[in-house]
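Any read-out appearing in this document is the output of simple, stated calculations on the displayed coordinates, not a laboratory observation. Please read these numbers as outputs of a predicted model, since none were measured by experiment. Ideal geometry is used to build each Cβ from the backbone, glycine not excepted, and the neighbour counts take in all protein chains shown.
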Amino acid sequence: MDRVTRRELLGGSLAAVAGVAGTVSSANAEGDAASLGGDDWIELECAMKEMVLDGNRVRLRAYNDQIPGPTITVTPGSTLRIRMKNALPPYDSSAWNGDHNVPHGLDHTSLHLHGMDVVPHLFVPVGTSDPLAPMIKIPPGEHLDYVFEIPENHPPGLNWYHPHKHGATAVQAASGMAGPLIVKGALDEVPEIKAARSIPLVIQDIGLFPSEEDPDLWTYEPVQNAIWQTYGGYVTIHGERTSLRGGFTTGDYRLRYYLLNGTPFFRETHNDRPNEDTNPVASQLTPQRITVAPGEVVRFLMLNGSSDNLMPIVVDGHDLHLIAMDGVNFTQARTIPAEGYSETDGQFLLSPANRAEFLIKGNATPGIYQIRQIPHNRQFLDSAAKIIAEIEVTGPAKDMALPDELPVPSREYPLIKPEEVSRVRKIVFTGSVPGIINTVVGGDYLINHAIYSEMEVPTVVNLDSVEEWHLSLEDSHHGGVEGHPFHIHVNSFEVVSIGGIEQPPGLIQDTIWVPIDQTVVVRMRFKEYIGKAVYHCHILPHEDTGMMQNFLIVDPADRHDHS
C-alpha cells in the first residue's frame with residue numbers, strides 16, 4: 001500500500017491529568033505547549049530540522065521541531081488521538097529492488113507507541129487480524145489519524161513513541177525522531193513520590209555523515225542502496241566502492257552524538273587508522289548538572305532511546321531505589337547499593353528501548369556525583385564509558401522519606417503461575433556477515449533462521465493464553481557474536497530467568513537484553529487485544545534489515561487455521 005490517508009485508518013490523542021484529553025510538553029521545560037488540533041487531537045509533525053550540535057551544523061529529523069519530541073502525558077481510561085503529519089522531503093527510492101529488508105522509502109513514516117498496552121497499530125487498518133495486511137506507510141505530505149483507547153488499568157510509567165516504517169526506522173530514529181510518553185496514575189500519588197521532583201532523562205543517539213551536497217553540513221541521508229562499511233570507512237553500492245560520503249550503517253557512523261534531553265554529552269568519530277582498532281574514537285563532552293540537596297529525594301525517569309547502545313547504568317555515591325522498569329512499577333522499591341553492584345550490569349541495565357524509573361536520596365556529603373554508563377564489549381563495537389549527567393549535592397539539608405510500598409499494577413497482577421503456561425516457544429537470533437540472503441546490505445539479521453517477511457505470520461497465539469518463550473542466540477559461527485535486545489508489541493512479559501538465574505518476581509518488561517551464550521526465559525499473557533503485530537531485535541539497523549517477525553493474536557472462539 002503506497003498511500004494511506006487519515007480517512008483510511010484510525011488511531012490517536014492523549015489523556016491529561018485534569019480531565020483534558022491530552023497534554024504535550026517539552027522534556028526540557030515543563031509546561032511548554034505543543035500544537036493541539038480540533039477535538040483535542042494532538043498533532044505530531046515530522047520534518048527536517050537544522051541546528052548546531054557541538055559546533056557542527058547538522059540537519060536532523062524531528063517531531064514538532066523538537067529533539068526529543070514533545071512529552072505526551074496520558075491517563076488510564078482516556079482516549080488518545082494523535083494526528084501524525086509527514087512533512088519529510090521526498091526521497092528517491094527508484095533504484096530499490098523491492099526487497100523489504102533493504103533500507104528504502106526514507107520519506108515514508110508511521111507511529112509506534114512503544115510500551116503502551118493498546119491495539120496493534122503497525123498494519124492497515126489499525127487492529128487488523130488479516131495475516132496479509134500490509135504495514136502502514138504515511139507518504140510525505142499526508143497525515144494519518146490514530147485513535148487509542150487507554151485501558152482503565154493501564155500501568156502508570158514511562159513509555160515512548162518513535163517511527164516504525166520498515167526500512168526507514170533506523171535512519172529516522174537515529175536522526176532525532178523519538179519522544180517520551182508518560183502514563184500518569186496511582187504511582188504518582190504515592191506521597192513520597194508526589195513530594196519528589198520528577199526529572200526526565202531522555203537519551204538518544206544521533207548518527208551523522210557529511211552531506212553529499214554541502215561540505216559544511218552533517219546529516220544522515222544515505223542514497224538508495226548505499227552501505228557504510230565500518231571496516232574501512234567507505235561506502236559501497238552492490239559491493240562496489242563509491243565516492244559517496246555516507247550510507248546506511250549497521251555499525252558506526254562518521255560522527256555520532258549521544259544526547260540527554262536534546263543536549264550532547266558524548267561524541268564518537270569513526271576510527272580511520274588502518275589496521276588498528278576499529279572501535280570509534282570516544283570523547284566526553286560537558287555533561288548537564290542537576291542540583292540536589294542533601295537528603296532530598298528525586299525521581300528520575302530514564303529512557304535509553306538510542307538505536308543500538310546497551311547501557312549499564314551507575315549513579316555514583318548513591319543507593320539507587322528502582323521503582324519501575326519499562327513503564328510497570330514494582331510493589332516495593334528495589335534498592336541497589338552504591339557499592340557492590342554488578343560489574344557488567346551496573347546498578348541496572350538498559351538495553352536500547354528500555355526505561356527505568358528510580359529514586360535517589362541526596363548524599364549527606366556535598367559534592368559532584370556522576371550518572372554514568374560503564375564501558376563494555378558486549379556488542380559489535382565496544383561501548384566506551386560515558387558520563388550522562390552530574391548530580392551536584394549542595395544547599396541546606398533535607399530529610400525526605402522514601403516509600404515503603406508501591407501500588408499494585410493490577411493489569412499485570414496476579415503474576416503468572418507456571419502451571420498456566422500452555423505453550424513453550426524458542427526464539428533464536430541468528431545471522432551471518434557477509435550476507436547470503438541480504439546481499440545489498442551485506443549482512444543477514446534473522447530470527448529462527450528466517451528474514452522478515454511482511455506477509456508471513458510464523459507465530460499465532462490465542463487471546464488470554466499464557467506462553468513461555470526462551471530467547472537465545474546461536475553460536476558464533478551462526479551470528480551469535482553480540483547480544484540482541486528482544487522487544488514484543490502489544491503486551492509486556494514477566495522475566496523468569498536470565499542465564500539460568502531466577503529473577504525476582506514482578507520484573508515486567510517489554511524489551512530485554514539477550515546475552516551471548518545465555519537463555520532468557522519470559523512468560524506473557526496475551527491480554528485484551530487481537531490482531532497482527534511484531535516482535536524484533538531493538539537494535540534498529542538489525543530490525544530494519546530483517547531481524548523481525550510477525551505474530552497474530554487470535555480469539556480461539558473465532559479462530560481459523562492461520563498456523
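Some points to look at:
- Residues whose amide H lies under 5 Å from that of LEU53, counting only those 5 or more places away or on a different chain, are VAL58; hydrogens are built 1.01 Å from N in the peptide plane.
- Likely footprinting exposure, LYS386, LYS417, LYS49, fewest C-beta neighbours within 10 Å first: LYS417, LYS49, LYS386
- The stretch 116-266 shape via C-alpha gyration tensor axes, a/c threshold 1.5: oblate
- Under 19 Å from the THR269 label point (7 Å along Cα→beta-carbon), backbone N, the stretch 54-79: 54-59
- Listing ASP107, ASP326 from fewest to most neighbouring C-beta atoms within 10 Å gives ASP107, ASP326.
- Based on DSSP H segments of at least four residues, each scored -39500 (n - 2.57), the chain has a per-residue ellipticity at 222 nm of -500 deg cm²/dmol.
- The distance from the alpha carbon centre of the stretch 119-138 to that of the stretch 497-527 is 28 Å, rounded to a whole number.
- The 3J(HN,Hα) values that the Karplus relation (6.51, -1.76, 1.60; θ = phi - 60°) gives for the stretch 503-509 are, in residue order, 9, x, x, x, 8, 10, 9 Hz. Gly and Pro appear as x.
- Amide H to amide H, with H built 1.01 Å from N, ALA133 comes under 5 Å of no residue 5 or more places away or on another chain.
- Extension gain, THR79-GLU419: 0.36 nm per intervening residue step, less the Cα-Cα distance, totals 118.8 nm.
- Centre-to-centre, using Cα atoms only, the stretch 44-66 and the stretch 377-416 are separated by 29 Å.
- The stretch 412-462: trypsin sites (Lys or Arg not before Pro) in DSSP coil with no more than 12 other Cβ atoms inside 10 Å: none
- Whole-angstrom gap from the stretch 288-367 to the stretch 222-236, using each part's C-alpha centre: 37 Å
- Peptides 245-251, 137-143, 483-489, 224-230 ordered by packing proxy, namely the average of other Cβ atoms within 10 Å per residue, highest first: 483-489, 245-251, 224-230, 137-143.
- DSSP-assigned coil residues among trypsin sites (Lys or Arg not before Pro) in the stretch 144-234, each with at most 12 further Cβ atoms within 10 Å: none
- Counting DSSP beta bridges with both ends in the chain, the antiparallel % (nearest 5): 75 percent
- Database remark: amide H of VAL292 closer than 5 angstrom to the amide H of GLU392, VAL393, THR394 (H placed geometrically; neighbours at sequence offset of 5 or more, or on other chains; Pro and chain starts carry no H).
- Non-local Lys pairs in the chain, i.e. 8 or more apart or on different chains, that have alpha carbons under 19 Å apart: 11
- Environment charge of GLY246, counting only residues whose C-beta is closer than 13 Å and scoring Lys/Arg +1, Asp/Glu -1: -1
- Taking GluC sites (Glu not before Pro) across the stretch 307-375, the ones in a DSSP loop with at most 13 further Cβ atoms lying within 10 angstrom of their Cβ are GLU339, GLU343.
- Karplus-derived 3J(HN,Hα), 6.51/-1.76/1.60, for each residue of the stretch 235-252, Hz, glycine and proline x: 10, 10, 10, 6, x, 9, 5, 10, 9, 4, 8, x, x, 4, 10, 10, x, 8
- Computed E for SER243/ASP517 - FRET, C-beta separation, R0 41 angstrom, nearest 0.05: 0.50
- Cα gyration tensor category, rounded, prolate or oblate, for the stretch 258-301 with a/c compared to 1.5: prolate
- Residues HIS318, HIS542, ranked from the fewest to the most other C-beta atoms within 10 Å, line up as HIS318, HIS542.
- Tensor-based shape of the chain (alpha-carbon gyration tensor, a/c under 1.5 rounded, otherwise prolate or oblate): rounded
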